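Read through the structure below, which is laid out as structure tokens, and then see the notes.
Throughout, read-outs are computed from the coordinates displayed, never taken from laboratory work. Keep in mind it's a predicted model, so treat the numbers as computed, not measured. Every residue, glycine among them, receives a Cβ derived from its backbone with ideal geometry; neighbour counts consider all protein chains shown.
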Amino acid sequence: MLAQLTDYLQSDLGLWTLFISGFISATILPGGSEVFLAAVLKAHPDMLWPALGVITLGNTLGGMTSYWLGRLFPERKDIKHLDKVRRWGPPILFFSWLPWVGDALCIAAGWLRINFWKSSVWLALGKFVRYWVLAELLRPLL
């Protein structure tokens, strides 16, 4: 399957596919952006930084979409499990890449009206570090 995906991603659509995969993976929809990143790096080993930039941008925008969805709900102060998100503030979004909790962190940050710009910076930083570490671990295998 990786070979077929690599062939497809050698076309001009490769980075767009990577962007869309990153975006979808950061929302509540299921996705596997890691496979797409691996395929792009296998097809274009010289495209490490553009691939990291594109997938980070897509994944960050997907996470911020979840943030905005959280803002659609009226803020409530009495929800016990949100105390940590409120206490840590925007830096907690560094961990938005974590499976299962990442989407909830983004939605909670929006719901709590945590600063949009600071949230987006921490979210992007966490997403980038995750993909960069993944790419470094994959490069010897590709």
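Considering only 102, 58, 31, the mean-square fluctuation computed in a Gaussian network model of the chain, springs between alpha carbons under 10 angstrom, is largest for 31. For the chain, the longest principal axis of the Cα atoms and the long axis of helix 48-71 meet at an angle of about 30 degrees.
If R0 is 25 Å, the Cβ-Cβ spacing of residue 46 and residue 98 corresponds to a FRET efficiency of close to 0.25. Give the calculated FRET efficiency between residue 125 and residue 73 to the nearest 0.05, with a Förster radius of 25 Å applied to their Cβ-Cβ distance. Computed FRET efficiency for residue 125 and residue 73: 0.45.
Ordering 47, 64 from the fewest to the most neighbouring beta carbons within 10 Å gives 47, 64.
The ranking of 73, 36 by Cβ neighbour count inside 10 Å, starting from the fewest, reads 73, 36.
Would you mind ranking 84, 118, 42, 127 so that the residue whose beta carbon has the fewest other beta carbons within 10 Å leads the list? Don't skip to the end; give the middle numbers.
On the way: 84 11, 118 14, 42 18, 127 29.
So the ranking, lowest neighbour count to highest, is 84, 118, 42, 127.
Taking label positions 7 Å along the Cα-Cβ direction at both residue 133 and residue 35, the computed distance is 2.3 nm, reported to one decimal. With respect to the chain, whose longest principal axis is taken over its alpha-carbon atoms, helix 33-43 is tilted by about 30°. Helix 14-25 and the longest principal axis of the C-alpha atoms of the chain enclose an angle of approximately 30°.
For the chain, what number of Lys pairs, 8 or more residues apart or on separate chains, have alpha-carbon atoms under 22 Å from each other?
5
Within region 2-141, the ratio Rg/Rh, alpha carbon atoms throughout and Rh by Kirkwood, equals 1.04.
Taking a sphere under 14 Å around the Cβ of residue 133 and counting the other residues whose Cβ falls inside, with K and R at +1 and D and E at -1, yields a net charge of +1.
Using a simple charge model, +1 on the beta-carbon of Lys and Arg, -1 on the beta-carbon of Asp and Glu, nothing else, what dipole does region 2-141 show about its Cα centre, in debye to the nearest 20?
On the way: 13 positive and 9 negative charges, 154 e Å.
Using only the charged Cβ atoms, the result is roughly 740 debye.
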